[in-house]
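Below is one structure; the comments refer to it alone.
We did not get these values from a lab; they are worked out from the coordinates using the rules stated. The structure displayed is predicted, hence computed values, not measured ones. Ideal geometry is used to build each Cβ from the backbone, glycine not excepted, and the neighbour counts take in all protein chains shown.
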Amino acid sequence: MTRTYRIGQIVPSSNTTMETEIPAMLRAREAVLPERFTFHSSRMRMHRVVKEELEAMNREGLRCAAELADARVDVMSTACLVAIMAMGFGHHRTVEQELAEVARANHCAAPVMTSAGALVEGLKALGAHRIALMAPYTRPLTELVVAYIEHEGIEVIDWRCFEIADNLEVGRRDPMRLVEDVRSLKTAGADVVVASACVQMPSLPAIRPIEEMLGIPTVSTAVCTVYGMLTRLGLMTAVPGAGALLEEGVR
């Protein structure tokens, strides 16, 4: 029998992207591999991507983990990168441990991950030492993200931020604009380009075009999150059309 896996996400209330791009990638995978997936979310209130709202949102994460545990999901992930990276170096490890403790207390054995940790993990899986990235955040928040990634041992040689504080506006951004945006990014010497260092800025349709244009492996936080989910489920990390990190298994 084909197994069905339950995908659980802890999502900012104004996020409209992770519940579209994660299912899109796993539905594409279903077209070539036998496993099937269902999708389940619990939401934390957040409207503007500013530190005060991010801190308040983070406090709701434990409740969300308990709610997803009730659904006996097979993997559980946060769906906000900057909320974790803005809280200090290595904070994704603390959050993962705290959420896992809540899941276990509520009788759920699912592996627990964060989108922040997934980005770092995905970059390291590609052997990235030097990257260039794009993000929708304000400059101060983007600087925190860059510093966080560099603290994990990956040099950010160039970056762009689009200064969008309204999270709904971030989610409405045309992903194909990134194909033009990346032209202003210094990518010479980069091992990987991060088209979206954000779970809310849509990027999936632009991953392959950027990769083909630059000849450099290209990822997003959503792509890395799917990689982390599949890895923790013990499944082949194969998704057609999602770039180098996820295409090795379908070539």
For peptides 31-39, 214-222, 153-161, 194-202, sequence by mean Cβ density within 10 Å, most packed first: 194-202, 214-222, 153-161, 31-39
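So if we plug the beta-carbon distance of Ser184 and Thr38 into 1/(1 + (r/R0)^6) with R0 = 45 Å, what FRET efficiency do we get, rounded to 0.05? Display every interim value, and only then the final one.
Working: r = 40 Å, r/R0 = 0.88.
Using R0 = 45 Å, I get an efficiency of 0.70.
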Amide H within-cut-off set for Gln9, under 5 Å, with H built and near neighbours excluded: His40, Ser41, Ser42, Ser77
Calculated from backbone phi, Karplus (6.51, -1.76, 1.60) coupling profile of the range 236-245 in Hz, x at Gly/Pro: 4, 7, 10, 9, x, x, 10, x, 4, 4
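Taking only Cα atoms of the chain, what ratio of Rg to Rh do you get with Rh as the Kirkwood inverse-distance radius? Kindly include the intermediate steps, with their values, before the conclusion.
Details: Rg = 16.7 Å, Rh = 17.8 Å.
In the chain, Rg relative to Rh is 0.94.
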Computed over the range 117-220, the ratio Rg/Rh where both radii use C-alpha atoms and Rh is Kirkwood: 0.93
Karplus-derived HN-Hα couplings along the range 200-206 (A = 6.51, B = -1.76, C = 1.60, θ = phi - 60°), whole Hz, x at Gly and Pro: 9, 6, x, 8, 3, x, 8
